[in-house]
1. If you roll a 1.4 Å probe over the chain with all protein chains in place, what percent of the accessible area is carbon or sulfur?
2. In whole Hz and in residue order, list the ³J(HN,Hα) couplings for region 9-20 that follow from phi through the Karplus curve 6.51 cos²θ - 1.76 cosθ + 1.60, θ = phi - 60°; x for Gly and Pro.
3. Hey, any idea what Rg/Rh is for the chain, computing Rh the Kirkwood way over Cα pairs?
4. So what's the gap between the Cα centers of region 558-590 and region 239-292, to the nearest angstrom?
5. For the ranges 458-466, 10-18, 545-553, what's the packing order if you count other beta-carbon atoms within 10 Å of each residue, average per peptide, and put the highest first?
6. With r defined as the distance between the Cβ atoms of ASP305 and LEU170 and R0 fixed at 60 Å, what FRET efficiency is calculated, to the nearest 0.05?
7. Full extension from SER276 to ASP296: what is 0.36 nm times the residue separation minus their Cα-Cα distance, to one decimal in nm?
8. Using amide H atoms built 1.01 Å from N in the peptide plane, name the residues 5+ places from ARG432, or on other chains, whose amide H lies under 5 Å from its own.
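The values are calculated or read from the model by the stated rules, or taken from the named source; none is laboratory data. In this text the structure is predicted, and so the values were computed from the model without any measurement. Every residue, glycine as well, gets a Cβ built from its backbone with ideal geometry; the counts of neighbours run over all protein chains shown. Accessible surface is based on the protein model in full, side chains and every heavy atom, while ligands, DNA and RNA are left aside. Shrake-Rupley method; radii C 1.70, N 1.55, O 1.52, S 1.80 Å.
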Amino acid sequence: MAEKRFLQVILPLRLDWEPWYYTMVGSNDADMIPCRSVEVGDRISVRFGPRTYVGVVSNVCEVPAIPEAKILPVARLDTGLPPVSLAEIRLWRFMSEYYMCSIGEVYHQAYPSGRTDKEEAGVRSRQRHEEAVRKAVERLQLRLVKLQERLARKEKELQKRHNEKVTAELNAAWKKIMDEIRVLNTRIDSLKRTTDPLGAEDARLNLCWEDGTSTLIEKIDTVFRSGKTVLLDAQERLRPMLYMELLRREIDEGRQAMVLVPEIALSQRLEDELMSEFGDRMIAFNSSKSETVRRDMSERLRKGDPLVILGTRSSIFLPFSNLGLIIVDDEHDSSYKQDSTPRYNARDMASMLAAIHGSRLVLASSSPSLESVFNCMGGRYVRIKSDMADSRCMPEVQLIDTRAEAKKNGMVGCLSRKLIAEMSRTIDMGGRVMLLRAWGRVDFVENDVKLVFPDNTVGGPDSVDADIMIGTMGSARLADFSRVALLCIMQPDKMVARQNFRADEYALQTLELFRSRLVTSEEWTPAFIIQSAQADHPVYQALLNGEDFCTKLLDERREFSYPPYSRLVDIIFRGRNAEALESLGYQLGERIASALPGVDLEGPMPPEYEKPDVSQVRRLRIVLPKDHGLAARKKNLKKLAMSFAKERNCDIHLDVDPL
């Protein structure tokens, strides 16, 4: 006899409920596929409105919560798709509740119907770089041959008899040619090393870490045994060896591990090292990977194969079944925050994912986020700082005050004479110079450089043979810093002048990031210079003096009730008319202030950076007290915002923990 089974299904839609469907057990009806077993997590085909969707079963029961007459039959049970695990659904539910969105929007993000190649250009750039290096080496070798020919002619001339003046001139010319040959040889050797990511630099790293690796591992193991999260405070190029040891243990013990990175294109060296160590047990994953690649990888993860996944933020949605370790590299990086619904932060979701799977968690950064430092102060995390390695491998900070230099005629255009002297010294010893601005035009910098250094080559941050590279910090994110002997950040003052309570934190993290990418070599110890008109700013002074600036910043956050001492929620309005959006923002703000006493409101205001788009954006910021009533306030806030959107027929989205 046929019996009905009622199913709730998660659809990839913005719905506040999970629709009900039914299927028949033991039915002979040609229109009804017999259901021998339906379980939570199965992916089935159902109709919703005029379309058919693949949904995920979230509940199976015999008695539905709504009248049976309103329930439609399942369109197709056997979709041929693997089921979603209970751990995945648990993560989705947490994410939808925390980030105040629907679980369907999370499902759509986790299992999108189509993918676009957003990062392929960055990943392919390495091949173009290697070709450019090869051509640059050929050009330099031709110059070297010509110099050697000139040197031979000078030596032949010196063998002849000359008066004292001619001999002195010949000796000076010979010495100049020898110096040029030495510089060219240094540059050629340095260029060749850039195409060998596992070459000489790693040997130097081994020297830095040789005495400290085991001690750090012991400290991390102690934290793991306590069940807490490790906050690893170490420089970018010093972390891979530690990662390798932790990952090797997981694979050897048959467990899976994940390393989250802000961008795959910025982690090429780490990817090379992991591939060299783990071979086909390491997979690099990002949202640009094809469905075939994702399917094969997901199948291996579901089976419990011991794998290392190196991935961007979307990797947290992968179907892990035996996850033992999560590492979040550069945990402070804003790239972990999704800019569309669901607006999650992968760093924070990694913590939830670790809790679901019982995994160990390492957050790593050379300049940790204030939220992570705060969690250390509260006892949730334990901070492990690698002072030994940092002191031997980090360049010192030099600070040039352009206002003071201008008063004593110490400026040549936008270049201080102190900077010019350092640039000359660097070029003379065969090193390369990189000049970066926070953002904006760099053509006037290039003009001034060419006037002062007319005999030197000038190029962009991706140049492989220019003496002086000029660009913005954004354009230099993928640049090769292994041969940069002098890095100057010019006028970064706009970073600290931003109208954002996180401005000082972001500025400190950005400057530390670029500083940490400089590499000490046998030929030079790199120089890191900040040239600023606000040299007395606390961020620059903290870098100069090696101060722990976090305590001061946290004190300021507490005084003004900003995160991590409160929770922020931005209500985002989109439309074509800015005035209409602001009016809607004020109206909703009044409604929220009346319904939720004790919360603070800011705005409505335009975004800090407006994109050149037809649509306008306004944000209404809600500051919620971080207390036992937080969850209830968030729930009521979402209800107010969604009912207002429906009433006014306007486009509203919620952004929890905005950056």
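1. Reported share for carbon and sulfur atoms: 50 percent.
2. Karplus-based 3J(HN,Hα) across region 9-20 equals 10, 7, 9, x, 9, 7, 10, 8, 9, 10, x, 9 Hz.
3. In the chain, Rg relative to Rh is 1.04.
4. 39
5. 458-466, 10-18, 545-553
6. The pair ASP305/LEU170 has a calculated efficiency of 0.30.
7. Between SER276 and ASP296, full extension yields 5.1 nm more.
8. ALA485, LEU486
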